[in-house]
Amino acid sequence: MSLDHRLTAEHEELRRTVEAFAHDVVAPKIGDFYERHEFPYEIVREMGRMGLFGLPFPEEYGGMGGDYLALGIALEELARVDSSVAITLEAGVSLGAMPVFRFGTEEQKRQWLPRLCSGEALGAFGLTEPDCGSDAGGTRTTAVLDAAAGEWVLNGSKCFITNSGTDITELVTVTAVTGRKENGAPRISAIIVPSGTPGFTVAAPYSKVGWNASDTRELSFSDVRVPAANLLGEEGRGYAQFLRILDEGRIAISALSTGLAQGCVDESVKYAAQRHAFGRPIGANQAIQFKIADMETRAHMARVGWRDAASRLLAGEPFKKEAAIAKLYSSTVAVDNAREATQIHGGYGFMNEYPVARMWRDSKILEIGEGTSEVQRMLIARELGLPA
Ligand SMILES: Cc1cc2nc3c(=O)[nH]c(=O)nc-3n(C[C@H](O)[C@H](O)[C@H](O)COP(=O)(O)OP(=O)(O)OC[C@H]3O[C@@H](n4cnc5c(N)ncnc54)[C@H](O)[C@@H]3O)c2cc1C
C-alpha cells in the first residue's frame, strides 16, 4: 500500500499551470461575469485551449491522456479562485463527456469526444426532474422506440441541468424510462439528445444564489425524436450507469469543494495581515489566527480525502464509500470556511467585490449538487452494511 499523497512532478506542473491561469486570467475578469450572470465564453475557450476539458481522456479521442487525479487538481486550483468556471469544467468533463467515454460505442466516442475534449463543445447530464432528484430512480421522462422509424421518441422534463443551454452545448445525455421489468420497476436508459433537436426546449437560465457565471437550465422534451443509435450503453442499464458516473463525479466535486475551502484560507490570510483594528493587524489576534488555522486544517483534510478516493479509483479498487466521505466532508468544510472567511472580512465580506462574498454564495450548493449530504450519509451507511 502506498501512503504517499504528494504529487508527481507532472501533476505538480499541471497544478502550477492551472494556479497561474486562475490568478492571471480568471481572477481579474470573473467578478464582472458573475455580476452580470453571464457565461464566460472567453475564459472557457482558453480552458479548452489548455486541454483542461480533455484531461482524463485518451489522446486518441482528443484528450490529454491524464487521469481523474489530474482533473481533481485542475478543479481544486480553479475553485480556489472561482467556482463557476470550476463547475463548468467539472460538469463538462464528469457529466458531459465521461458517460460517452465510459458507455459509448466506438462510433459515439469518435463522434462526440474530440469536440468535448477540446472545449469547443459542452455536454450535459440530465438526471434530475422537477419531481425527483435524490430519488432519481423515480424518473418520469419516457422514451419509446418507434421501431419502424428507427427512432426514440422522448417526452418529459429535466431541471437544474448544468451546461445545458450555452451557445456551445452540443448534447445532453438524458435518463428516460424505456420499459418495465417483470416486477413493474422501470427500465431506465440513457439517451443522447443533440442540442437543437425539434421538440427539445431549453428554458432561460435560472436566477441562482451562486454559481452565477455557470449555465443551469430546465429542459423539456415534447415528442423529441433521436436515432435509435443514440442509446448510450445498454437499454435498461441507464440508471446503474449514471450511478457509476456520479460516484466518480463526487471525487471531482470534492476536489472543487476543497479548492473553495482553500481559497477562503488564501483570502483570509491576506486580509488578516492588511486590515487593522485597535492599532494592529486583525491577524495578530489569536482568535483570528485560530480561526484561520482551523480553516487550513479542514482544507488539508478535505484534500487528503479526495486524493485518497481518486487514488483508489485509479488503482481499480472500490471507491464508492471513500468518494461519498470525501464529498460529504469537503462540501461541509467549504461551507464552514466560507462562513468564517466572510466573518474575518467583516462588512467587506458582505460586498460582492470581495472574492469571499462569491465563495460564500457558491459554497451552499456543494452540500446539495451531485447527491446531497444526506444522500452521502445514506451511501456510507449502506457501505457499512447497515439495514436498508
Ligand atoms: C446549480 C445546480 C446544478 C445542478 N446540476 C445538475 C446537473 O447537471 N444534472 C442533474 O441531473 N442534476 C443537477 N442538479 C440537481 C441536483 O443534483 C439535485 O438538486 C440534488 O440531487 C437534490 O435533489 P432535489 O433538489 O430534488 O432535492 P430532494 O431530493 O427533493 O431533497 C430535498 C431534501 O430532502 C432530503 N432527502 C431526500 N430524501 C431523503 C432521505 N431518504 N433521507 C433523508 N433526507 C432525504 C435531501 O437530502 C434534501 O435535503 C443541479 C442542482 C443545482 C441546484
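Rule-based calculations on the coordinates, nothing more; no lab input. These figures come from a predicted structure and were not determined experimentally. FYI the Cβ positions are ideal-geometry reconstructions off the backbone, even for glycines, and counts take in every protein chain you see.
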Worksheet entry | DSSP-assigned coil residues among trypsin sites (Lys or Arg not before Pro) in segment 101-193, each with at most 16 further Cβ atoms within 10 Å | R140, K181
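Given 0.36 nm per residue, what is the gain on full extension from E317 to N155 after removing their alpha carbon distance, in nm? Walk me through the intermediate numbers first.
Details: separation 162, 0.36 × 162 = 58.32 nm, distance 3.82 nm.
The E317-N155 span can extend by a further 54.5 nm.
Taking 0.36 nm per residue of sequence separation and subtracting the Cα-Cα distance, how much length would be gained by fully extending the chain between A9 and A203, in nm to one decimal?
Working: separation 194, 0.36 × 194 = 69.84 nm, distance 4.45 nm.
Roughly 65.4 nm would be gained on extension.
Using r as the Cβ-Cβ distance of R275 and H300, and R0 as 22 Å, what FRET efficiency do you calculate, to the nearest 0.05?
Details: r = 24 Å, r/R0 = 1.11.
For R275 and H300, the calculated efficiency is 0.35.
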Worksheet item: Arranged by the count of other C-beta atoms within 10 angstrom, fewest first, what order do V93, V100 take?
Response: V100, V93
Response to the item:
Computed on Cα atoms, the radius of gyration and Dmax of segment 240-383 in angstrom are 16.8, 60
Worksheet item: So how long is each side of segment 131-172 along the principal axes, counting just the alpha-carbon atoms, biggest first, in Å?
Response: 34, 30, 11
Item to complete: For a label point 7 Å from the Cα of L145 along Cα→C-beta, name the residues of segment 202-225 whose backbone N is under 17 Å from it.
Response: 225
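Using the 2.2 N^0.38 Å rule of thumb for compact globular proteins, work out how segment 9-122 stacks up: its C-alpha Rg over that value, please. Present the calculation step by step, with values, prior to reporting the outcome.
Working: Rg = 13.8 Å, N = 114, 2.2 N^0.38 = 13.3 Å.
Relative to the rule-of-thumb radius for its length, segment 9-122 sits at 1.03.
Show me the GluC sites (Glu not before Pro) within segment 257-363 that DSSP assigns to loop and that have at most 11 other Cβ atoms within 10 Å of their Cβ.
Values: sites: E267, E296, E322, E340, E353; in loops: E353.
The qualifying sites are E353.
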Fill in: Partner aspartates and glutamates for K320 [C-alpha distance under 13 Å; skip if fewer than 8 residues away on the same chain]
D247, E248, D308, E383
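Relative to the compact-globule scaling 2.2 N^0.38 Å, provide the ratio for the alpha-carbon radius of gyration of segment 171-328. Display every interim value, and only then the final one.
Details: Rg = 22.8 Å, N = 158, 2.2 N^0.38 = 15.1 Å.
The reported ratio for this selection is 1.51.
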Response to the item:
Magnitude of the Cβ-charge dipole (Lys and Arg +1, Asp and Glu -1) of segment 137-192 about the Cα centre, nearest 20 debye, reported as 340 debye
Worksheet, complete the sentence: Of the DSSP H helices in the chain, the ones reaching 30 Å or more along their long axis in Cα terms and averaging at least 0.0 in Kyte-Doolittle hydropathy are 238-274
Worksheet, complete the sentence: At the level of C-alpha centres, the distance separating segment 84-100 and segment 1-50, in angstrom, is 14 Å
Worksheet item: Counting Lys and Arg as +1 and Asp and Glu as -1, each charge on the Cβ, what is the dipole of the chain about the Cα centre in debye, to the nearest 20?
Response: 760 debye
Fill in: For segment 124-235, with +1 on Lys and Arg beta carbons and -1 on Asp and Glu, the positive-most of V153, T169, S220 along the dipole
S220
Worksheet item: Roughly how compact is the chain, stated as its Cα Rg over 2.2 N^0.38 Å to two decimals?
Response: 0.99
Fill in: Ellipticity estimate at 222 nm from DSSP helix runs (n ≥ 4, -39,500 (n - 2.57)) divided over the chain, nearest 500
-15500 deg cm²/dmol
Item to complete: Treat the count of other C-beta atoms within 10 Å as a stand-in for reagent exposure and order H11, H37, H345 from fewest to most.
Response: H37, H11, H345
